[in-house]
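> One structure coming up, written as structure tokens, with questions to follow.
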Amino acid sequence: MPGKRVSSGQPATGPRPRITIIDVARGIALLAMTVYHFTWDLEFFGWILPGTIQQSGWVLFARSIAFSFLFLVGVSLVLGHDSEIRWPDFWKRFAKVAAGAALISLGTWFAFRQGFIFFGILHAIALFSIFALPFVRQSWLFSAVAAAAITGVWSSFTAPLFGNSALLWVGLSPTPIASNDYVPLFPWFAAVLLGIVATKLATTGFWNRLASISLPSLVQRPLIFIGQHSLIYYLLHQLVLMGGLWVFTQVAGPPDRTASFIHLCSRECAQTRDANFCRAYCSCTMESFKDAKLFTPFLDGEIDMTTNREIRKVVDICSTRSNN
């Protein structure tokens, strides 16, 4: 953790300065996470097009945030425990993170049953911190080889065994996993190991230069505060974001979801039909759904298009009209 003794593989020359830029980096990662989650919330409430956060740019953004969190875990483990494992500090931190992970699982089980978080970023940080301890006292090369092996296995191997619910945290299931936050051992433990590698390779001079970095106080102080209270921030930020959006939606009224429907319908239709047909078909379907009061339930996923007779009737009628 920042403020602990720093080991660089060289003899210590005196007290190490506190490396506040690490707190700043953690604060920046948390703010980036907030941007991503707010976008997720906007989509959930229907204020932006469905599928927005599934776009490649947003997926890369989310993965970069997860990588930064786990990389910093590796950095903090070396800074805090390379000379000796400080067990009381380690277990105290582990207990807090594990308790936070349990709260996330419990809360999302009731709020999002189909996509509840059973092994998200907090679960990963807690478990990976234990797994990483043996690497903290070893050469950087040991961690680098392990990181490469983990990445290689993840990219080339899956097995039905790991589709068992008790082993989903491993990350080698051949089938996609439904969860709003999923950070399994393969490949994400490699990010922690890379944090260990980078910290061990850094020289004393590098850490001294890093400690001397200072941002304008107006920027640095809130980032340090957020970084030093990362767990509390993580647990509370979505309550604030979703609560605020819910209140806004109640006051402003529900969003117009016409564009969302046309977007979904056109994307599906374009796989088999031409643009003229899809334009007429989606317009007809939307108006018919609204007249039959099926529009909102359909968008909310409350109606199965393949089994609902009213839906099938609308689809058949609009398909016939659009062909003419």
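> Farthest toward the dipole's positive end in the chain, which of Ile317, Ala146, Phe44, given Cβ charges of +1 (Lys, Arg) and -1 (Asp, Glu) about the Cα centre?
Working it through, the farthest residue towards the positive pole turns out to be Ala146.
> Now for a different question. Between Ile224, Phe116, Cys282, whose Cα lies farthest towards the positive end of the dipole of the chain when Lys and Arg beta carbons carry +1 and Asp and Glu beta carbons carry -1, centred on the Cα centre?
Final value for the positive-end residue is Ile224.
> Separate question: Return the sequence-ordered ³J(HN,Hα) values of segment 269-274 in whole Hz as given by the Karplus equation 6.51 cos²θ - 1.76 cosθ + 1.60 applied to θ = phi - 60°, using x for Gly and Pro.
So the Karplus estimates, Gly and Pro as x, are 5, 5, 6, 10, 10, 7 Hz.
> Give a quick list of GluC sites (Glu not before Pro) in segment 204-304 that DSSP marks as loop, anything other than H, G, I, E or B, with at most 12 other Cβ atoms within 10 Å.
Glu302
> May I pose another question? Taking amide H positions as placed in the peptide plane 1.01 Å from N, state which residues far from Ile48 in sequence (5 or more) or on other chains have amide H under 5 Å from it.
Residues meeting the criterion, in which the H sits 1.01 Å from N, are Glu43.
> I'm checking a number: the convex hull volume of the Cα atoms of segment 20-251, normalised per residue, in Å³. What is it?
Dividing the Cα hull volume of segment 20-251 by its residues yields 143 Å³.
> Please say if segment 18-84 is rounded, prolate or oblate, where rounded means a/c under 1.5 for a ≥ b ≥ c the square roots of the C-alpha gyration tensor eigenvalues, and otherwise the choice is prolate for a/b larger than b/c and oblate otherwise?
In terms of gyration-tensor shape, prolate.
> Order of Ser288, Ser212, Ser156 from fewest to most other C-beta atoms within 10 Å?
Lowest count first: Ser156, Ser212, Ser288.
> Output needed for segment 254-324: three equivalent-ellipsoid semi-axes, defined as square roots of 5 times the C-alpha gyration tensor eigenvalues, in descending order, whole Å.
Taking √(5λ) for each Cα gyration eigenvalue gives 18, 14, 11 Å.
> Quick one, can you get me the convex hull of the C-alpha atoms of segment 173-324 expressed as volume per residue in Å³?
239
> For Ser105, Ser217, which order do you get if you count the other beta carbons within 10 Å of each Cβ and list the fewest first?
Listed from fewest to most nearby Cβ atoms, that is Ser217, Ser105.
> I would also like to ask the following. In whole Hz and in residue order, list the ³J(HN,Hα) couplings for segment 130-139 that follow from phi through the Karplus curve 6.51 cos²θ - 1.76 cosθ + 1.60, θ = phi - 60°; x for Gly and Pro.
Residue by residue, segment 130-139 yields 5, 4, 7, 4, x, 7, 4, 9, 9, 4 Hz.
> Which lysines, if any, have their Cα less than 30 Å from the Cα of Lys200, not counting same-chain residues under 8 positions apart?
Lys4, Lys92, Lys96
> Using the Karplus curve 6.51 cos²θ - 1.76 cosθ + 1.60 with θ = phi - 60°, what ³J(HN,Hα) values do you get for each residue of segment 156-161, in whole Hz, with x for Gly and Pro?
Values, residue by residue: 10, 9, 9, 7, x, 3 Hz.
> If you fit an axis through the alpha-carbon atoms of helix 20-44 and take the longest principal axis of the Cα set of the chain, what angle between them do you get, 0 to 90°, nearest 10?
For helix 20-44, the angle is close to 10 degrees.
> I've got another one for you. Extension gain Ala166-Leu49, at 0.36 nm per residue separation less the Cα-Cα distance, in nm?
This chain segment gains 38.6 nm when fully extended.
> Using a 10 Å cut-off around each Cβ, can you sort Thr158, Thr320 from fewest to most neighbouring Cβ atoms?
Thr320, Thr158
Any read-out appearing in this document is the output of simple, stated calculations on the displayed coordinates, not a laboratory observation. What you are looking at is a predicted structure, and each value in this text was computed from that prediction instead of being measured. When we count neighbours, we look across all protein chains shown, and the Cβ atoms used for this are built from the backbone with ideal geometry, even at glycine.
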